[in-house]
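Here the structure is laid out as structure tokens; the discussion comes afterwards.
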Amino acid sequence: MRRRVTFSRNLTLSLSRTCRCYCKYCAFATHAAHLHAPDEVLEILDGAARRQVKELLVLTGERPEVNPEVRERLIGYGHEDFTAYVVWVCERALERGLLPHTNLGVLSREDLARLREVTASQGLMLESVSERLMETVHAGSPTKHPARRLETIRAAGELRIPFTSGILVGIGESEQERIESLEAIAAVHAEHGHIQEVILQNFVPHQRYYGREPAEIADAAARDYWRTGVADGRPRLPLPEWASPVSIEDMKRLVAETRRLLPDVGIQIPPNLADWWGELVAAGATDLGGLSANGDHISPEHPFPSPHQVRKELQRDGYALTERLCVYPAYIDPEWVSRGVMDTIKANYWSFIPRSGSGRTDPPAPIRPDLVAGAVRRGRDGLALTPEELTAMFAETRPEAIEDMREAADELRAELVGEQVTFVVNRNINISNVCTVGCAFCGFGQGKRSPDAYEHGESDFVARIDDAVDYGATELCIQSGIHPDWGLEDYLGWLRLAKATAPQLHLHAYSAMEIAHMCDISGLPPAEVFAQLKDAGLGSTPGTAAEVLHDGVRERISPNKLPVARWVQIIRASHEAGLRSTATVMFGHIEEPWELAEHMRVVRELQVQTGGITEFVPLSFIPFQTLLGRTHGVEEISRDENLKHTAVFRLALGRTITSLQASWVKMGIDAATESLRWGVNDLGGTLMEESISRLAGSYHGTRLDPDQLVAAAHAAGRPAAERTTLYEIRRRYGLPVAA
Ligand code: SF4
């Protein structure tokens, strides 16, 4: 499983640094009057909106109104107290599509409840359960007493507030006290389930900023670091006598303990306070907190690395840096988030709302679970299903109904194609990933000047074909990005070269998007383009670039890609040219059940008209290194949801397309083997090379040998057979006698 490491794209607003506490390690707080005026706040919020951050982190001293001047100013601004002012700030932030996360220190239940209406999440570090520290670093700070802090953390649970807490490491506490602090947080979480993440923050010594504005120092340090990639402004100050040294091993143990005590909670480590964050990610830390565009106001000279810097570093170790909202996905729900905040999330960040049966947006018509039982029966008989029936099945969450769908799909498969599981020995060749289209779900396409762009030369191409022939392949599957410099002649040339190199190989080449591009650049109609491609050796058409055949979805995930009608026109032209094609769906991203129902209607209707589609290939979305996954919070579809969709695809196709393929490179061979019980009869190809899923972050490998595919079929208790692209059987692999 490719591991994601999350972060929040935020901007910090230190609304007031005036604080009633006197913590020895704090360089943020002041006891003088400090309060941003409303016009300053609006300017900062507008700046945040322009920097496209999603979270506004409101970080303040505790009860600043203990300072008479601050109190006077608050009244002058029309606010009875500081919390009222923070509520006003959060409302202005929500108006700008920013999601507020507040950390105001110890708060009363009433104040937490007031803030709940206008925040997506709140937070309070427990710091430590050590009462000993009340004599040292926390002297003069009564609300640093663990009991006071746990009281606030517990009240937040009772109020169902998504909450962030954590411990400060290295302020004189013992190893045992660190564990006890985590245990205390775990105990409150066990009561209310509201802790979304635990921060393990190592203490770093700070200088004093008397008369200077930490926010300005932080902003300057961040801008410099994000621009140059060099953070040499970080002071290496000696540890004060009350501090306790912290080692990487200490931190790794804390990550492990947090994972043990709070298995379902995010483990956040700040990547700016020590260079060991990569090791802590490897040790199990899951989150890097807010990579604040205007720096760390608590540790101003320690700027956060930019998301780009972090992504590059994590990618080297095989992790995918992924943006999250300040409220974790599990809490993006009316039970945990107020109506007003939920509306802001739906309006601006709906793709972050976790997939649930009924989808993220409001359905055009009520989803009808009552239709499912009848639809399963009718689907089992191969009858055409209505959009309402298909929508209800794609949205289904009841296990018993899903099992009925599985059974019906499995029975229909057995009736249509028997027990045999087929596969093709083929080779993928993606000649170039240079692409002008820029689909949000794609990790493969790159701009021409991108350092990750590539283009094979003719000798590379020929070497790959020779490799395929030696391997026993019967098919070459050739697809590339939409290259700005390629003309129709280039596409014809690759086919001719392939045929000249290995005339026996079947050329399954060029997606509907590439064909549409050839038509656009040549000015020729599809029929003429296919005629020329056939002359050059084209054998069949991959039904890719279908994504979801619903223009509303296409607008959202690939606005520059061909619309549904053009896709249908191209595939129909392929069939009319005497070619066969496949048909695909790329699902498990932002599409809704009713949009998938429409996709299946389009595919089924085309097949009824032309009969040219050989197989249907569901391709589950790989999010990790794609825009949708990285910055829109779209998670990989779960195995169960993937299998459920597979069964519905089988029932939706009925008797129109008899072969349903599982994509092992997307779902893994284990899930692909299981899908043989969910209506699947084909395991696709050996591929030998695969870039499109791999560059999106898939982690299931790029090649499976025939014996591995045969073994998968046998593991499912089914005989296997090698087929050609057009489903002629070349060789059978019966079940071993023992079985
Ligand atoms: S999916 Fe295809 S068309 Fe879209 S960006 Fe990727 S390579 Fe280009």
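The values are calculated or read from the model by the stated rules, or taken from the named source; none is laboratory data. Since we're looking at a predicted model, the values are computed, not measured. Positions of Cβ are backbone-derived with ideal geometry, glycine not excepted, and every protein chain shown enters the neighbour counts. With ligands, DNA and RNA removed, areas are computed over all heavy atoms of the protein, side chains included. Shrake-Rupley method; radii C 1.70, N 1.55, O 1.52, S 1.80 Å.
Within the option set L412, L492, being farther than 26 Å from L683 by Cα and more than 16 Å from the ligand (Cβ to nearest atom) holds for one residue only, L492.
The listed residues are G418, G379, and the only one of them that is open to solvent by 20 Å² or more (accessible area, probe 1.4 Å), more than 30 Å from F163 (Cβ to Cβ) and outside the structural domain of R114 (by TED's automatic domain parsing) turns out to be G418. Of E257, E177, E213, all but one fail to be acidic (D, E) and within 27 Å of the chain's Cα centre (by Cα); the exception is E257.
Does G552 fit the bill of being more than 14 Å from the ligand (Cβ to nearest atom), in contact (Cβ under 8 Å) with a residue 40 or more places away in the chain and in contact with a Lys or Arg (Cβ under 8 Å, 6 or more places away or on another chain)? It is false that G552 is more than 14 Å from the ligand (Cβ to nearest atom), in contact (Cβ under 8 Å) with a residue 40 or more places away in the chain and in contact with a Lys or Arg (Cβ under 8 Å, 6 or more places away or on another chain).
In the stretch 556-572, the residues that are assigned to a loop (DSSP other than H, G, I, E, B) form Cβ pairs under 6 Å with partners that are more than 14 Å from the ligand (Cβ to nearest atom) and not aliphatic (A, V, I, L, M), at six or more places apart or across chains, as follows: P563/D551.
Within the stretch 328-342, the set of residues being assigned to a helix (DSSP H, G or I) and in contact (Cβ under 8 Å) with a residue 60 or more places away in the chain comprises P329, A330, Y331, G340, V341. Among the residues making up the stretch 453-477, a single one is within 16 Å of the ligand (Cβ to nearest atom) and in contact with a helix residue (DSSP H, G or I) (Cβ under 8 Å, 6 or more places away or on another chain): H456. Looking for something out of contact with any Gly (no Cβ under 7 Å at 6 or more places or on another chain), over 17 Å from F423 (Cβ atoms) and in a helix (DSSP H, G or I) - is there at least one such residue anywhere in the stretch 610-620? Checked the stretch 610-620: at least one residue is out of contact with any Gly (no Cβ under 7 Å at 6 or more places or on another chain), over 17 Å from F423 (Cβ atoms) and in a helix (DSSP H, G or I). Of all residues in the stretch 435-447, those that are part of a loop (DSSP other than H, G, I, E, B) have Cβ atoms under 9 Å from Cβ atoms of residues that are among the acidic types (D, E) and open to solvent by less than 20 Å² (accessible area, probe 1.4 Å), 6 or more apart or on another chain, in C439/E547; F441/E547.
When P618 is tested against the conditions (1) surrounded by fewer than 23 Cβ atoms within 10 Å (Cβ to Cβ); (2) of a type outside the set (A, V, I, L, M, F, W, C); (3) touching a residue at least 40 places away in the same chain (Cβ under 8 Å), the lone failure is (1). When we screen R639, R630, R604 for residues that are more than 27 Å from A401 (Cβ to Cβ) and either over 20 Å from the mean Cα position of the chain (by Cα) or open to solvent by 10 Å² or more (accessible area, probe 1.4 Å) (or both), the only hit is R630. Of all residues in the stretch 284-301, those satisfying the criterion of being more than 14 Å from T6 (Cα to Cα) and either charged (D, E, K, R) or outside any loop (DSSP other than H, G, I, E, B) (or both) are D296, E301. Just so you know, in the stretch 555-581 the residues that are out of contact with any His (no Cβ under 8 Å at 6 or more places or on another chain) and among the β-branched types (V, I, T) include one that is nearest to the ligand (Cβ to nearest atom), and it is I570. Going through D343, D296, D317, D287 one at a time, which residue ends up being in the same structural domain as E117 (by TED's automatic domain parsing), farther than 23 Å from L59 by Cβ and among the charged types (D, E, K, R)? None of the other options fit; the residue is D317. Does T322 fit the bill of being outside the structural domain of S698 (by TED's automatic domain parsing), in contact with a Lys or Arg (Cβ under 6 Å, 6 or more places away or on another chain), in contact (Cβ under 8 Å) with a residue 24 or more places away in the chain and surrounded by 22 or more Cβ atoms within 10 Å (Cβ to Cβ)? When the stated conditions are applied, T322 passes them.
Summed over the stretch 237-272, residues that are open to solvent by less than 70 Å² (accessible area, probe 1.4 Å) and of a type in the set (D, E) total 2.
Just one of the listed residues (S511, S522) is assigned by TED's automatic domain parsing to the domain that holds I590, surrounded by 21 or more Cβ atoms within 10 Å (Cβ to Cβ) and not β-branched (V, I, T), namely S511. Number of residues in the stretch 416-445 that are touching a Ser or Thr at 6+ places or on another chain (Cβ under 9 Å), of a type outside the set (A, V, I, L, M, F, W, C) and within 16 Å of the ligand (Cβ to nearest atom): the value is 7.
Has the stretch 364-376 got any residue that is β-branched (V, I, T), modelled with pLDDT of 85 or more and under 20 Å from the mean Cα position of the chain (by Cα)? Among the residues of the stretch 364-376, not one is β-branched (V, I, T), modelled with pLDDT of 85 or more and under 20 Å from the mean Cα position of the chain (by Cα), which makes the answer no. Only one of the numbered conditions (1) modelled with pLDDT under 95; (2) out of contact with any Leu (no Cβ under 7 Å at 6 or more places or on another chain); (3) buried (at least 16 other Cβ atoms within 10 Å of the Cβ) is violated by F203, and that is (2). Yes or no: E641 among the charged types (D, E, K, R), part of a helix (DSSP H, G or I) and either under 18 Å from G697 (Cβ atoms) or assigned by TED's automatic domain parsing to the domain that holds T397 (or both)? The answer is yes for E641.
Considering (1) open to solvent by 20 Å² or more (accessible area, probe 1.4 Å); (2) hydrophobic (A, V, I, L, M, F, W, C); (3) closer than 24 Å to S581 by Cα, the lone condition that A715 does not fulfil carries the number (3).
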